[in-house]
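**Student:** Sending over a structure as structure tokens; questions will come in a sec.
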Amino acid sequence: MSPQVAVSREFAEHLAGVDPVLLSSDDHAAAIPEALAAATTHGASDLVIPDGDKAVRPLLRTLLRGSLTLARPRRPRITLLLMRTAVPGGPEAATVGMALKPALVAALRRLPGVRVLFLTDAFGVVIRRRGFPGVMPVRDPVTPPPGVTPRSGTGRARIGALGVISARKNVPVLVRAAVRRDDVDVVLAGRCEPDVRAFLDADPDAARLRAEGRLEVDDRLLDSDEFDAALRSVDVAAVLHDNDAPSGIVAEACARGVPVLGPDRGWIATVLDATGCGVGARVDDAEDVVKAITRLLADRGRYVVSAQKAAGVLGVDDFVSALVGDRE
């Protein structure tokens, strides 16, 4: 593993008992050929690259160069997981890498002993991706916590945005919508980026909500227990960004029986439609968000039940078996 991974909190939490083979660099161009050489030298049967988007090009280059070597040891089977499979024309900002990735992935998949997978939503709703034919899905691993009891209605609705809170989460739209409904409180739990902090400090609607005791801000990185407590404390999870990637917050909300206020298009909207766990709105339109909140709160019990039902398919088995399971 790379030096950066070796000192990460995730490694300490989940793999503290593992004695890793340390690579010399975090840079994919250097790390990928080194990892392949190390796995081959150690006689590994498989090399799994779980966050593989930046590894596509260096892996393809390494394997093509290796194919020109006449005498080389048998290399391991390779599984590469794509975390991002957006293509130009969707809600994500187009990049050169985005345009080139489908062709590079197609070339990589033609090589013997190489599998390319893509991370799909935790519910397995999206099973294929435009531009990546034949790339199979792997469900995002989310395990429902024990002792989940959805909040009962109290006459007021706590709508929360959680995690790293950046501009793309449309906090201003949520604040504008909350001002239009006296029974809605806004909860922001997670590290706020500077532009969000600036908005909260200067915006009169945010000041009004704060003065009325209707705006709670916990601006810091949350550990897993704190995140769990924050999500259990809200009636609705706000995921007001239109994206073309799976959302862990939607799955984590369903795992706790919390309905979702989401976008009306994109990947999240597809999940909401398939599971019935929430309501979508135009994420740049406060009035439309108010309408969505009204629909959701008018029948919140049904959305809670749908969220709980959707959570029944969550787990880690699909992820683990796809990446490291027996493929013989």
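**Student:** Would you mind finding the one in Ala269, Ala292, Ala281, Ala251 that is modelled with pLDDT of 95 or more, among the aliphatic types (A, V, I, L, M) and in contact with a helix residue (DSSP H, G or I) (Cβ under 6 Å, 6 or more places away or on another chain)? Walk me through how you get there before you give the answer.
**Tutor:** On the way: Ala269 fails: in contact with a helix residue (DSSP H, G or I) (Cβ under 6 Å, 6 or more places away or on another chain); Ala292 fails: in contact with a helix residue (DSSP H, G or I) (Cβ under 6 Å, 6 or more places away or on another chain); Ala251 fails: in contact with a helix residue (DSSP H, G or I) (Cβ under 6 Å, 6 or more places away or on another chain).
The unique qualifying residue is Ala281.
Conditions (1) in contact with a strand residue (DSSP E or B) (Cβ under 9 Å, 6 or more places away or on another chain); (2) open to solvent by 30 Å² or more (accessible area, probe 1.4 Å); (3) outside any loop (DSSP other than H, G, I, E, B), marked per residue:
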| residue | (1), (2), (3) |
| --- | --- |
| Val138 | yes, no, yes |
| Pro144 | no, yes, no |
| Thr149 | no, yes, no |
| Ser152 | no, yes, no |
| Arg158 | yes, yes, yes |
| Leu174 | yes, no, yes |
| Asp182 | no, yes, no |
| Leu188 | yes, no, yes |
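**Student:** Here is a further query. Condition first: of a type in the set (Phe, Trp, Tyr) and surrounded by fewer than 18 Cβ atoms within 10 Å (Cβ to Cβ). Now tell me which residues in segment 222-267 satisfy that.
**Tutor:** Phe227
**Student:** Considering only residues that are more than 30 Å from Asp225 (Cα to Cα) and among the acidic types (Asp, Glu), which ones fall in segment 13-64?
**Tutor:** Within segment 13-64, Asp27, Glu34, Asp46 qualify.
**Student:** Say whether the condition of being over 18 Å from Ser306 (Cα atoms), touching a Pro at 6+ places or on another chain (Cβ under 9 Å) and open to solvent by 30 Å² or more (accessible area, probe 1.4 Å) is met by at least one residue in segment 269-281.
**Tutor:** No, every residue in segment 269-281 fails to be over 18 Å from Ser306 (Cα atoms), touching a Pro at 6+ places or on another chain (Cβ under 9 Å) and open to solvent by 30 Å² or more (accessible area, probe 1.4 Å).
**Student:** Scanning segment 85-101 for residues that are buried (at least 18 other Cβ atoms within 10 Å of the Cβ) and not polar (S, T, N, Q), which turns out farthest from Thr62 (Cα to Cα)?
**Tutor:** Gly90
**Student:** Any residue in segment 157-171 that is closer than 30 Å to Leu36 by Cα and free of Cβ contacts under 8 Å to residues at least 40 places away in the same chain?
**Tutor:** Scanning segment 157-171, I find no residue that is closer than 30 Å to Leu36 by Cα and free of Cβ contacts under 8 Å to residues at least 40 places away in the same chain, so the answer is no.
The values are calculated or read from the model by the stated rules, or taken from the named source; none is laboratory data. Note that the structure is predicted; figures quoted are calculated from it, not measured. All Cβ positions, glycine included, derive from the backbone under ideal geometry; neighbour counts span all protein chains shown. These accessible areas exclude ligands, DNA and RNA; they are computed on the full protein's heavy atoms, side chains included. Shrake-Rupley method; radii C 1.70, N 1.55, O 1.52, S 1.80 Å.
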